[in-house]
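Below is one structure, written out as structure tokens, with a few remarks after it.
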Amino acid sequence: MANRVEEVYEEVVRRNPAEPEFHQAVHEVLETLAPAIEKHPHYADYALLDRLVEPERQIIFRVPWIDDEGKVRVNRGYRVEFNSALGPYKGGLRFHKSVNRNIIKFLGFEQIFKNALTAQRIGGGKGGSDFDPHGKSNNEVMRFCQSFMTELYRHIGHLTDVPAGDIGVGGREIGYLFGQYKRLTNRFEPGVLTGKGLAYGGSLVRTEATGYGAVMFAQSMLETRNESFDGATVAVSGSGNVAIYAIEKAQQLGGKAVTFSDSSGWVYDPEGVDLDLLKQVKEVERGRVADYVERKKGAELHTEGSVWDVACDVALPSATQNELNEDNARTLVKNGCKAVSEGANMPSTPEAIEVFQESKILYGLGKAANAGGVATSALEMQQNAARASWSFERAEQELAKIMKDIHDDCLATAEEYGAPGDYVLGANITGFTRVADAMLEHGVI
Ligand code: NDP
Ligand code: 2IT
């Protein structure tokens, strides 16, 4: 890393101790920015980099709620409003037991550049709670969401900060959060949350958008080498919102998805995933991967190793951060994997990324490859502002165009900086320059 960039990174580590994922996310961006700053030294003026790595605002709050036995439970809520240079803070809420300030800051930092890449005029933020939705009843989830929103509502708004879903937060939770926001503010303000149900202002394709977008991004990468999904074997991790719709789009394009996973294990289904059954198990029953294997002949349940042990042409990590390590990356490359497109945020460790880059396989990092979700959230905001509802076809076409533009912008930037095919450098520098140009015009704030 060039000197200035290195200094900024060291200061981040010093001021944010014990936040390894945040350090990792900052490091990955900063290490690719050095060429941009060498070429355009004004990007280091006015402590721009120092301001970029410091969230504009961090909110941490108590979330008390009462479980079905009448016992009082206490969780912690977070909203990190990281950067609003390009628009209102925008980013999901994650409900998972592993959530802490470090995780929300890493996600919020990534979101700044991802959102800039979508060109939809949205800033970056992220939030969530260490609430664990597994095994909770509907009423418990509702009471938790109502308590969470009872604090969060004063910090958000359609022009201020617009949350959406992430791990553990889907349509059900967004509905409860929206209901409580509406009640507290006495405003029907649809643009304050995205990922809403279709009954009250949601957008068609938002549910599918992240998974579909990650496959569209992979398709664009494959096209640069005259390859396609047709006949390709696809390995997917996770079995939530992103994984399910990544599998759906891969199948539509002629690919055969053969794996998925959750925190209890992973499944190899050599015949190809039965998507109707997977949706029934995961979306309707909120079950575990074993429930799928019980009902599908030929499908195998594994608890050792990972989905990355299965030979594939395309890998779509769609579960969580750092789920794909150096050994997994080597196995994928050895088995002939041609492309990795990240549906999850930061699923590959830095060592794994190095393996992908050295082996010259196509590597689409999360902040480009999974930007389809937040991009379609911005399309939802656009429809809400116009009091309009687009058809599925129109929304999907808009998503496809955004994903193609992100892909092409990343490639063009990589080319400009003498690193053809390097989507990491391309995405980080493209996102950074858009945010930096706006920040410099706003003065020191
Ligand atoms: P879901 O909650 O719908 O699904 C998450 C899936 O990943 C589940 O199968 C879950 O298994 C698994 N998982 C989560 N944490 C772990 C863990 N620590 N170990 C093993 N498995 C785990 O979330 P999404 O599908 O929405 O999110 C998946 C990823 O995609 C996340 O990285 C998220 O940040 C990212 N993303 C999501 C977007 C969206 O629009 N939803 C947009 C862009 C990125 P289990 O149920 O057992 O926990
Ligand atoms: O990581 C992400 O981009 C998301 N969870 C989606 C955020 C959004 O505002 O739609």
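Table for the structure above
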| read-out | value |
| --- | --- |
| Test: residue in the stretch 170-183 that is of a type in the set (Ser, Thr, Tyr), more than 16 Å from ligand 2 (Cβ to nearest atom) and under 22 Å from Pro317 (Cβ atoms) | no |
| Residue match in the stretch 304-320 (condition: without any contact (Cβ under 8 Å) to a residue 60 or more places away in the chain, within 18 Å of Ala339 (Cα to Cα) and out of contact with any His (no Cβ under 8 Å at 6 or more places or on another chain)) | yes |
| Residue in the stretch 380-388 that is touching a residue at least 24 places away in the same chain (Cβ under 8 Å), outside any helix (DSSP H, G or I) and within 16 Å of ligand 2 (Cβ to nearest atom) present | no |
| Qualifying positions in the stretch 238-257 - in a loop (DSSP other than H, G, I, E, B) and out of contact with any Asp or Glu (no Cβ under 6 Å at 6 or more places or on another chain) | Gly238, Gly240, Leu253, Gly255 |
| Of residues in the stretch 116-132 being more than 12 Å from ligand 1 (Cβ to nearest atom) and open to solvent by 10 Å² or more (accessible area, probe 1.4 Å), the one farthest from Val162 (Cα to Cα) | Asp130 |
| So Thr185, is it under 30 Å from Gly254 (Cα atoms) and away from ligand 1 (no atom under 12 Å from the Cβ) | no |
| Selection within the stretch 337-346 - within 16 Å of ligand 1 (Cβ to nearest atom) and either open to solvent by 20 Å² or more (accessible area, probe 1.4 Å) or within 14 Å of Val424 (Cα to Cα) (or both) | Val340, Ser341, Glu342, Asn345, Met346 |
| Among the residues listed as Leu332, Leu316, Leu362, the single one being more than 28 Å from Asp161 (Cα to Cα), within 16 Å of ligand 2 (Cβ to nearest atom) and in contact with a helix residue (DSSP H, G or I) (Cβ under 6 Å, 6 or more places away or on another chain) | Leu316 |
| Cβ-Cβ under 6 Å pairs, at least 6 apart or on other chains, the stretch 336-356 side in a loop (DSSP other than H, G, I, E, B), far side open to solvent by less than 10 Å² (accessible area, probe 1.4 Å) and away from ligand 2 (no atom under 16 Å from the Cβ) | Cys337/Cys312; Cys337/Ala315; Pro347/Leu324 |
| All positions within the stretch 1-31 that are farther than 23 Å from Thr320 by Cα and buried (at least 20 other Cβ atoms within 10 Å of the Cβ) | Val5, Val8, Val12 |
| Any pair with Cβ under 8 angstrom, 6 or more apart, that starts in the stretch 199-214 at a residue that is more than 16 Å from Ala257 (Cβ to Cβ) and more than 11 Å from ligand 1 (Cβ to nearest atom) and ends at one that is hydroxyl-bearing (Ser, Thr, Tyr) and in a loop (DSSP other than H, G, I, E, B) | Gly202/Thr194; Ser203/Thr194; Ser203/Ser389; Leu204/Ser389; Leu204/Ser391 |
| Number of positions in the stretch 258-268 that are surrounded by fewer than 22 Cβ atoms within 10 Å (Cβ to Cβ) and not in a strand (DSSP E or B) | 2 |
| The stretch 155-174, residues that are more than 15 Å from ligand 1 (Cβ to nearest atom), under 27 Å from Ile402 (Cα atoms) and not acidic (Asp, Glu) | Ile156, Gly157, His158, Leu159, Thr160 |
| Long-range neighbours under 6 Å by Cβ, at least six apart or interchain, first residue under 23 Å from Lys367 (Cα atoms) within the stretch 1-27, second of a type in the set (Lys, Arg) and buried (at least 17 other Cβ atoms within 10 Å of the Cβ) | Phe22/Lys105 |
| Where Val273 falls short, out of the listed (1) β-branched (Val, Ile, Thr); (2) open to solvent by 20 Å² or more (accessible area, probe 1.4 Å); (3) in a loop (DSSP other than H, G, I, E, B) | (2) |
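Residues are listed down the side, and each one gets a yes or a no for (1) under 21 Å from Ala369 (Cβ atoms); (2) aliphatic (A, V, I, L, M); (3) touching a strand residue (DSSP E or B) at 6+ places or on another chain (Cβ under 6 Å):
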residue: Ile156; (1), (2), (3): no, yes, no
residue: Gly165; (1), (2), (3): yes, no, yes
residue: Glu208; (1), (2), (3): yes, no, no
residue: Gly211; (1), (2), (3): yes, no, no
residue: Ala214; (1), (2), (3): yes, yes, yes
residue: Met221; (1), (2), (3): yes, yes, yes
residue: Val234; (1), (2), (3): yes, yes, yes
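The values are calculated or read from the model by the stated rules, or taken from the named source; none is laboratory data. Since we're looking at a predicted model, the values are computed, not measured. Positions of Cβ are backbone-derived with ideal geometry, glycine not excepted, and every protein chain shown enters the neighbour counts. Just the protein is used for accessible areas: all its heavy atoms, side chains included, with ligands, DNA and RNA removed. Shrake-Rupley method; radii C 1.70, N 1.55, O 1.52, S 1.80 Å.
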